[in-house]
Amino acid sequence: MAQGADAIVITHPEKVLFPGSGITKGEVCKYYEALAPLMLPHVRARPVTMERFPAGIGKKGFIQKDVSKGFPDWLERVEVEKRDEGGGVVHYALANDARSLVWLANQNSITLHVWVSRMPRLQRPDLCVFDLDPPGDDSTVLRAAALHVRDLLAELGLPSFIKTSGSKGFHIVVPLDGNDEAPKVWRFAQGAGAVLVKRHPQLFTQEFIKVDRAGRILIDTGRNTPGATFAAAYSVRPKPDAPISAPCTWEEIERGSVSPRTFTLRSMGARVNDVGDLWHDASQHGHSLHAPTAALDALLTEEDWKESHAASTRRPTSRKTPRRKPSKKVGTE
């Protein structure tokens, strides 16, 4: 761990957070400190939501957005107005340096979930994220889906980067120039998802309700709404063996040599030694969505947009048939 003024005292470093592999909190903290040089350029100035597991991943964890108490004076935070009608603000932590990453890990925060925008321009994302959520572990189908997303984005004139989710799917990211407001970014992502469903209806879906997905891969574009998050690059995920949400290459996807949980906390050192940060120049490829959105609109009809919106906003309660009041029996005379 860091020495001197920047040192963080790790409490209970011996605590086992991953029972199956014996990975301790101390190891998780050391991982985040070691990966800080690669991770910080991707998370700096982004509000952080913590996914905490005080008793390890074998027990239920919880999500924490607000850091109002018990934080060190040096930890940078940002106040964001709540979106609900109750008002108030949320005090999000910012992971702007290595000790912030270690401090967050010391709170038993296994995964850092971050916004697609940065301070001070939180309403203007610099990333557009497509989250592929498959129903199972068919790697061939998932790989084909990821390549279809890449190819559509390339058709629209946009470069894309990919990383493992550390869970079931992949995250495909488009760097933006930060000049488009959040609603425009969300609309672009939603429309791109609609085109993929239209072109490959047996492979993709935008259905929110799992039972309606019928074995298809959800292309989740909801990560692009204000306040929504995705697992930060190089984050540990709360799954057996501590898989990492790690950048990979499109060539690795084409070869089938990388799956969503290929890289783990204990293997990332060797991975980084081999390839470094595959996203080191991603921010240099920031694009405007003006021309891609115009091209996208030409691929969709009004009915396509309506179905896309309906699929992604349907909820289980909306499918319930309203109860009919029992009819009054008419007596016989």
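The values are calculated or read from the model by the stated rules, or taken from the named source; none is laboratory data. Keep in mind that what you see is a predicted model, and the values were worked out from it rather than measured. Heads up, the Cβs are rebuilt from the backbone with ideal geometry, glycines too, and the neighbour counts pull from every protein chain shown.
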Residue in the range 130-144 that is of a type in the set (Val, Ile, Thr), surrounded by 22 or more Cβ atoms within 10 Å (Cβ to Cβ), within 25 Å of Ser165 (Cβ to Cβ) and over 16 Å from the mean Cα position of the chain (by Cα) present: no
Out of the residues in the range 95-115 meeting the condition of being closer than 11 Å to Arg44 by Cα and crowded, with 21+ Cβ neighbours inside 10 Å, tell me which one is farthest from the chain's Cα centre (by Cα). Ser100
May I ask you to verify whether Leu278 is modelled with pLDDT of 95 or more, closer than 28 Å to Ile57 by Cα and either charged (D, E, K, R) or touching a strand residue (DSSP E or B) at 6+ places or on another chain (Cβ under 6 Å) (or both)? no
Whether any residue in the range 128-150 is part of a loop (DSSP other than H, G, I, E, B), in contact (Cβ under 8 Å) with a residue 60 or more places away in the chain and under 28 Å from Asp177 (Cα atoms) is what I want to check. no
Counting only residues in the range 198-228 that are β-branched (Val, Ile, Thr) and buried (at least 21 other Cβ atoms within 10 Å of the Cβ), the one farthest from Ala294 (Cα to Cα) is identified as Ile217
Note on the range 260-275: residues in a loop (DSSP other than H, G, I, E, B) and in contact with a strand residue (DSSP E or B) (Cβ under 7 Å, 6 or more places away or on another chain) are Pro260, Arg261, Thr262, Phe263, Leu265
Output the residues belonging to the range 77-101 that are part of a loop (DSSP other than H, G, I, E, B) and at pLDDT 95 or above. Ala95, Asn96, Asp97
Residues of the range 25-38 satisfying the condition of being among the aliphatic types (A, V, I, L, M) and surrounded by fewer than 23 Cβ atoms within 10 Å (Cβ to Cβ): Ala34, Ala36, Leu38
Selection within the range 182-234 - touching a residue at least 60 places away in the same chain (Cβ under 8 Å), out of contact with any Cys (no Cβ under 6 Å at 6 or more places or on another chain) and of a type in the set (Val, Ile, Thr): Val195, Val197, Thr205, Ile209, Ile217, Ile219, Thr221, Thr229
Quick one: in the range 286-309, of everything that is among the hydrophobic types (A, V, I, L, M, F, W, C) and without any contact (Cβ under 8 Å) to a residue 60 or more places away in the chain, which residue is surrounded by the most Cβ atoms within 10 Å (Cβ to Cβ)? Ala294
List the pairs whose first member sits in the range 56-67 and is in contact (Cβ under 8 Å) with a residue 40 or more places away in the chain, whose second member is in a loop (DSSP other than H, G, I, E, B) and surrounded by fewer than 16 Cβ atoms within 10 Å (Cβ to Cβ), and whose Cβ atoms are under 7 Å apart, counting only residues at least 6 apart or on separate chains? Gly56/Pro19
Does Ala55 meet the test of being of a type in the set (Gly, Ala, Ser), assigned to a loop (DSSP other than H, G, I, E, B) and either under 22 Å from Arg223 (Cα atoms) or touching a helix residue (DSSP H, G or I) at 6+ places or on another chain (Cβ under 9 Å) (or both)? no
Subset of the range 256-271, residues over 9 Å from Ile244 (Cα atoms) and under 21 Å from the mean Cα position of the chain (by Cα), comes to Val258, Ser259
As an exercise: evaluate Met50 against (1) surrounded by fewer than 19 Cβ atoms within 10 Å (Cβ to Cβ); (2) in contact with a strand residue (DSSP E or B) (Cβ under 8 Å, 6 or more places away or on another chain) and give the number of the one condition it does not meet. (1)
So which residues in the range 168-197 are buried (at least 19 other Cβ atoms within 10 Å of the Cβ) and small (Gly, Ala, Ser), if there are any at all? Gly169, Ala182, Ala189, Gly191, Ala192, Gly193, Ala194
Please determine whether any residue of the range 178-186 is part of a loop (DSSP other than H, G, I, E, B), under 19 Å from the mean Cα position of the chain (by Cα) and polar (S, T, N, Q). no
